[in-house]
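Okay, so here's the structure we're looking at.
The values are calculated or read from the model by the stated rules, or taken from the named source; none is laboratory data. Bear in mind that the values here come from a model prediction, so they are computed numbers and not experimental data. Cβ coordinates were reconstructed from backbone atoms using ideal geometry, including for glycine residues, and neighbour counts include every protein chain displayed. The accessibility values were calculated without ligands, DNA or RNA, using every heavy atom of the protein model including side chains. Shrake-Rupley method; radii C 1.70, N 1.55, O 1.52, S 1.80 Å.
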Amino acid sequence: MAARALVASFPKSGRTWLRVMLDAAGIDATYSHLGWGHQGGRPASALRIELDARFSRTVALFRDPRDTVVSGYYQTTQRLKNYEGSISAFIREPGHGIEKVMAFNLGLAGLCVGRTDCLMLSYEQLLADTAGQLFRVAGFLGRELDPALATRIAADNAFDKMQARERAGEYEEYGPAFARRADAPPSAMKVRRGIAGGYRDELSAPDIAYVDALLARERYFERMAGYLG
């Protein structure tokens with residue numbers, strides 16, 4: 001019997017992409033940002049990370065905070081429209097910026113480590129081996145997924161294909177997150193670039209130095225590598 005599943009991530013970490021693929025595989029799950037979304041703009045100091053005991057399985061999805069925060073900027077300025085500042089200001093904003101992303105990821109990973117009911121997955125792993133990671137998630141959630149089907153689902157949900165469907169309004173079942181915007185610029189779409197390291201094209205050299213210094217101070221990548229194994 002399939003587990004009652006939760007997929008948790010900070011906004012713009014690839015959760016919707018994974019959701020579309022799990023739906024295509026017929027795997028039901030609940031999807032949550034655990035109260036850490038951009039709508040309220042609450043700083044990490046005012047929030048706590050807690051796993052929801054109602055779920056027997058949790059998939060914790062993480063993404064490089066630098067890419068996450070850049071994608072979050074476009075989400076808040078062009079979709080949610082609840083932020084009007086520059087991207088340079090956004091990455092430093094306590095209620096939206098990179099320190100909040102780091103706090104969420106490190107906090108959730110710390111809760112999951114050593115637990116058999118929590119699977120940790122990075123966006124970068126999913127990007128590098130989409131079919132294999134989809135197969136892995138399905139198995140963790142108690143479903144045997146045919147490897148050939150996983151491969152087909154992965155190919156059918158490449159980002160260019162998903163962008164075309166978004167523009168055509170084929171994701172209306174997912175509600176406002178996928179509202180049809182046929183003439184929207186790529187930066188305003190729910191399915192945006194879908195690459196790793198794209199922050200280098202979006203942030204200035206001083207801003208990259210700023211985020212890299214914060215990541216180094218917290219030993220972020222070293223710690224996350226230890227958590228993810």
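Report the charge-dipole magnitude of the chain in Debye, nearest 20, computed about the Cα centre from +1 at each Lys and Arg Cβ and -1 at each Asp and Glu Cβ.
320 debye
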Self-check item: Listed residues F90, C118, L51: farthest to the positive end of the dipole of the range 49-163 (Cβ charges)
Solution: L51
Quiz item: Which whole-Hz ³J(HN,Hα) couplings does the range 17-27 yield from phi under the Karplus relation 6.51 cos²θ - 1.76 cosθ + 1.60, θ = phi - 60°, glycine and proline marked x?
Solution: 4, 4, 4, 4, 6, 5, 4, 5, 8, x, 10
Quiz item: Could you give the dipole magnitude of the range 111-151 about its Cα centre, charging the beta-carbon of Lys and Arg +1 and that of Asp and Glu -1, in debye to the nearest 20?
Solution: 120 debye
Quiz item: Given the chain, what count of lysine pairs have C-alpha atoms under 14 Å apart, with each pair 8 or more places apart or on different chains?
Solution: 4
Quiz item: Whole-Hz Karplus ³J(HN,Hα) for the range 215-229, in order, using 6.51 cos²θ - 1.76 cosθ + 1.60 and θ = phi - 60°, x for Gly and Pro?
Solution: 4, 5, 4, 8, 6, 4, 5, 4, 5, 5, 4, x, 6, 6, x
Self-check item: Built amide H within the under 5 Å cut-off of F62, gap 5+
Solution: L121, S122, Y123
Quiz item: In Å², what does the accessible area per residue of the chain work out to with a 1.4 Å probe?
Solution: 46 Å²
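On full extension of the chain, what length is gained from A196 through S56, given 0.36 nm per residue of separation minus the C-alpha to C-alpha distance? Intermediate values should be presented prior to the final figure.
Numbers: separation 140, 0.36 × 140 = 50.40 nm, distance 3.07 nm.
Additional length available on full extension: 47.3 nm.
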Quiz item: Between the range 135-160 and the range 11-79, what's the alpha-carbon centroid distance in Å?
Solution: 20 Å
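Using unit Cβ charges (K, R positive; D, E negative) and no other charged atoms, how large, in debye to the nearest 20, is the dipole of the range 75-169 about its Cα centre?
Values: 11 positive and 11 negative charges, 43 e Å.
About 200 debye.
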Quiz item: Around L6, which amide H atoms from residues at least 5 apart in sequence, or from another chain, sit under 5 Å from its own amide H, with H modelled in the peptide plane?
Solution: T30, R57, T58, V59
Self-check item: In order through the range 111-124: 3J(HN,Hα) via Karplus (6.51 cos²θ - 1.76 cosθ + 1.60), integer Hz, x for Gly, Pro
Solution: 6, 7, 4, x, 9, 7, 9, 9, 10, 9, 9, 9, 4, 5
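Out of the total accessible area of the chain (probe 1.4 Å, heavy atoms of protein only), what percent is carbon and sulfur? Write out the running numbers ahead of the final one.
Values: 5290 of 10600 Å².
Exposed carbon and sulfur together represent 50 percent of the surface.
Using only the alpha carbons of the range 86-181, what is the convex hull's orientation-averaged projected area in square nanometres?
That works out to 8.7 nm², a quarter of the Cα hull's surface.
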